[in-house]
Structures are given as structure tokens and as C-alpha cells.
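What follows draws every value from the coordinates through simple rules; no lab data is involved. Being a predicted model, the structure only gives us computed values, none of them experimental. Neighbour counts run over all protein chains shown; Cβ positions are idealised from the backbone, glycine included.
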Amino acid sequence: ALEAWYMDDSDADQRLEHRLTPNAPASLEALAALGVLHFKFSGDEEDPEMLKLRDSRGYSYKDVVNIHPDTLPDYERKLKSFFEEHIHTDEEIRYVLEGSGYFDVRDKEERWIRILMHKGDLIILPAGIYHRFTLDEHNYIKACRLFVGEPVWTPYNRCEATDVMDARKGYVSHFIAAD
Ligand code: KMT
Ligand code: NI
């Protein structure tokens, strides 16, 4: 089952769970209402069910990232940048092969929802959603990055200018303003 929860606002280590007390789970439905889609596969790179999803959504590009202090050049700086709240102009799709980590997404009330990702979890974040990523205390994740066509990974860190980007306005009109 999906493990996601609303976060506390303590500024302790980003790698900790940051659950509220008592824990406040976020459901798959709550995430879907924000445009965040979660799927569970085997964690095999060639899992036939995952390949079906890939093909049905037109994900023609794939690479593998390995995030660990010993394997990722410029590890500390990159981890910091993953954890800066940002948006992209396209979907962010990640499929976990090994290890674990957290994707945090903003809900409609600007609360953070933390999504625990393990082997086999695939997440699709829509273009324009404010989000961030961190490793957990195990300090290791290996994941596929998927994309439609030539990949664009540029993060736009949150500021007044990102609120008026087309990708953000499109996201808001679709998932925030609609209800
Ligand atoms: C990103 O764009 O935030 C990343 O690639 C983070 C690691 S993928 C699990
Ligand atoms: Ni991102």
C-alpha cells in the first residue's frame, strides 16, 4: 500500500520521517486529486506491467540515476538542490529499482505531503506542481527517470515568477481552481 502522510513543520534533518502526531495519512485519492499518480510494480527495470504503462503514456526516454554519496558526483550539492521546492514544465516520472526516498508535494492548502518510495513504486508528478525530493536515512536510491521525448530536467525554484509560469497556471487551473 502507498505510504504518504502530512508533514510536521520541524526543521530537523530532511531525511527523517517528519510525521505529525498522531500520524495523518494521505490517501491515493487525495494524491490523485492533486494530479499525483502512484503505481506499484515489481521494481524490475523490464517489468511488463510497468512497460505497458510506459507505452500507454508515451514515455520514450529512460535513464537510471543512482543517488548515494559514493556514486553521485557532487552529491551534497545535488541533494540540496533536489530538496529546494520547485516545479518543472513537464511531468516528473520516477520508478524505484533499489533503495528508498521521499517525494514531498504541496496540497491545495500548501501543506506538505510526504510520499515514501520503495522498490517498485512509480510516481508521476504533473507539470507545475510544487515538490521536492530527499533521500531517507538509508542514503540510497536507484531509480529510472522516464520522459516523453527529449528530457528536460530544469527545476524552477519557487518564487513569484514561478507562480505565473504557464506550467504553473495550467496546473492551478486544472487541479486547484477547479473545485
Ligand atoms: C529529481 O529530479 O528530484 C530526482 O531525480 C531525484 C531523484 S530520483 C528518485
Ligand atoms: Ni523535480
Normalised by the residues of the chain, what does the relative contact order come to in percent, with Cα pairs under 8 Å and at least six apart? 29 percent
Candidate lysines for bridging to residue 80, where Cα separation is under 19 Å - those fewer than 8 sequence places away on the same chain excluded: 142
Residues of the range 141-172 with backbone nitrogen within less than 20 Å of a virtual label 7 Å along the Cα-to-Cβ line of residue 80, please, listed as ranges. 154-159
What ³J(HN,Hα) values, in whole Hz, does the Karplus curve 6.51 cos²θ - 1.76 cosθ + 1.60 give for the range 119-127 when θ = phi - 60°, with x put for Gly and Pro? 3, x, 6, 10, 10, 10, 9, x, 3
Once residue 173 and residue 29 are pulled to full extension, the length gained, defined as 0.36 nm per residue separation minus their Cα-Cα distance, is 49.9 nm
Where a Cα-Cα gap under 23 Å defines reach, which lysines qualify for residue 169, not counting those fewer than 8 residues away within the same chain? 108
Over 20 Å apart: what share of the alpha carbon pairs of the range 59-118 falls there, rounded to a whole percent? 36 percent
Label point distance in nm, residue 17-residue 65, each placed 7 Å from Cα along Cα→Cβ: 2.6 nm
Per residue of the range 17-31, in order, report the coupling 6.51 cos²θ - 1.76 cosθ + 1.60 (Karplus, θ = phi - 60°) as ³J(HN,Hα) in whole Hz, putting x for Gly and Pro. 5, 6, 7, 6, 10, x, 4, 10, x, 10, 8, 4, 5, 4, 5
Taking 2.2 N^0.38 Å as the expected size of a compact globular protein, what ratio does the Cα radius of gyration of the range 3-176 give against it, to two decimals? 0.99
Only Lys, Arg, Asp and Glu count, each charged at its Cβ (+1, +1, -1, -1), so figure out the dipole size of the chain about its Cα centre, rounded to 20 debye. 220 debye
Between the alpha-carbon centers of the range 124-179 and the range 34-74, tell me the distance in whole angstrom. 16 Å
Counting only residues 5 or more places away or on other chains, whose amide H sits under 5 Å from the amide H of residue 3 once H atoms are built in the peptide plane? 116
Once amide hydrogens are built 1.01 Å from N within the peptide plane, the residues lying 5 or more places from residue 121 or on another chain with amide H under 5 Å from its amide H are 41, 96
In sequence order, calculated HN-Hα J values of the range 70-77 (Karplus, 6.51, -1.76, 1.60; Hz; x Gly/Pro): 8, 10, 9, x, 6, 3, 4, 5
